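The values are calculated or read from the model by the stated rules, or taken from the named source; none is laboratory data. Because the structure is predicted, anything quoted here is derived from the model rather than measured. As a convention, Cβ positions derive from the backbone with ideal geometry for all residues, glycine included, and neighbour counts pool all protein chains shown.
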Amino acid sequence: MSKQNLFCKAMSNALSFRIPGESNSLTFNPCCLYDHYIPFHPTLYKKHREIFINSDKEFLPGCSKCELKEKTHGTSHRQFMNRDIPHGIGSDIHKLELVLDTTCNAACIQCGTYQSSLWRNEVANRDKNYQHIQPETQIDSKIDLIQSSVDFSTVKEFHFWGGEPFLTDTHLKFLNRIEDPSDVVIRYTTNGSIFPDENVLKLWEKFKEVKIGISADGIDDRFYYIRWPLKWDKVSRNIIHFRDDTPPNVEYHVNCCAIPLNALYLLELVEWLDVNFSTHTHGLHKGKKINCNFIRGEGTLDIACTPMSLREEIWKTLGEHHPISNVLRELPVKDPHYMLHHLSVWDPVRKLNWRETFPDIVRHFE
Ligand code: SF4
């Protein structure tokens, strides 16, 4: 058993495997927040695992998101991993993140072809030169490849992302390979559009714990704009369904991604959660109140594209010490030109208009 990295246990005890959409290549790194994905090959895998295990003094260049989170007084993924991964397990893999299947029924405005099959289809419908493959046809062989390098018997936490993980049976292909589910936690990041069927709920009962992270970045029309073509009435019904109709070992929270469009409106979602999950109206669900976990939008709709005048309004609305206020204080302002171009291309296709859906921010972009 080789050593454990005590600076960041994710580096020695976690792995994230991903097949980026548009490719059929398996890639890996220590965690979903790490900036770079490395093509999977047994020799490269061995070499990089050594690097990760032995980088125990400071952040690696790929750890910029944890570094920013800690600088802005938030709790970083590194700190959560160091809390959750046990001491004294050497370099055994404790946590496995799986982003193999990007089949998705949403084309969220901050996402793209690398993570959503609907985005790939949307782009292909409009650009006849766009070449893409749907990598999902190769998943079984990739799961075998992962299992040939990782001993599943030491893995105590599996985290499924997508795409939308409840749209396909990819998660079940892993769950069915787990020998002792009673010792294993499973996590999902879902867009909330699909409530799992009876067979999945029955299977979940065998696991130690099931943690569901539901992605929502607003309510009503603002939800629809960002999570197109998903509708808030359906997703909000499912959130309530998760509250009321899942086995007692299921916990859930909402992941809210802050982008320049919704940052000023984040409290609308928080208020909705307060009403629907308040201890006064519904009592605690299995001992836990639902939490909103704020994450930063990057890529085309990077939160850094928020102009300074809008940042000042956000600070007033959310408060000086809100996690997103902290992030906006740290990030240099980025030119929003490319973001606005992206919106102007996709709004007519979707029969939407960001200026009408987010009217209070328009003047900051003129
Ligand atoms: S990004 Fe964070 S959690 Fe991931 S390896 Fe780097 S420090 Fe650890």
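Take Asp360 and decide whether it is among the acidic types (Asp, Glu) and in a helix (DSSP H, G or I). Yes: the conditions hold for Asp360.
Out of (1) more than 9 Å from the ligand (Cβ to nearest atom); (2) assigned to a helix (DSSP H, G or I), the odd one out for Lys57 is which? Condition (2) is where Lys57 drops out.
Here Arg120 does not fit the description of being within 12 Å of the ligand (Cβ to nearest atom) and under 23 Å from the mean Cα position of the chain (by Cα).
Applying the criterion of being within 10 Å of the ligand (Cβ to nearest atom) and not in a loop (DSSP other than H, G, I, E, B) to the residues of the range 14-31, the residue that is nearest to the chain's Cα centre (by Cα) is Ser16. Of all the listed residues (Tyr45, Tyr34), the sole one being within 8 Å of the ligand (Cβ to nearest atom) and modelled with pLDDT of 90 or more is Tyr34.
Just to be sure, is Glu136 under 24 Å from Asn29 (Cα atoms), surrounded by 20 or more Cβ atoms within 10 Å (Cβ to Cβ) and either at pLDDT 95 or above or not aliphatic (A, V, I, L, M) (or both)? Against the criterion (under 24 Å from Asn29 (Cα atoms), surrounded by 20 or more Cβ atoms within 10 Å (Cβ to Cβ) and either at pLDDT 95 or above or not aliphatic (A, V, I, L, M) (or both)), Glu136 does not qualify. Output the residue which, of all residues in the range 184-201 that are under 13 Å from Phe160 (Cβ atoms) and more than 19 Å from the chain's Cα centre (by Cα), is surrounded by the fewest Cβ atoms within 10 Å (Cβ to Cβ). Looking at the filtered set, the residue picked out is Val200.
Do we have Arg311 as modelled with pLDDT of 90 or more and either of a type in the set (Val, Ile, Thr) or under 14 Å from Ala258 (Cβ atoms) (or both) here? So Arg311 fits the description; yes. Note on the range 61-100: residues that are without any contact (Cβ under 8 Å) to a residue 60 or more places away in the chain, more than 20 Å from the chain's Cα centre (by Cα) and not in a helix (DSSP H, G or I) amount to 1.
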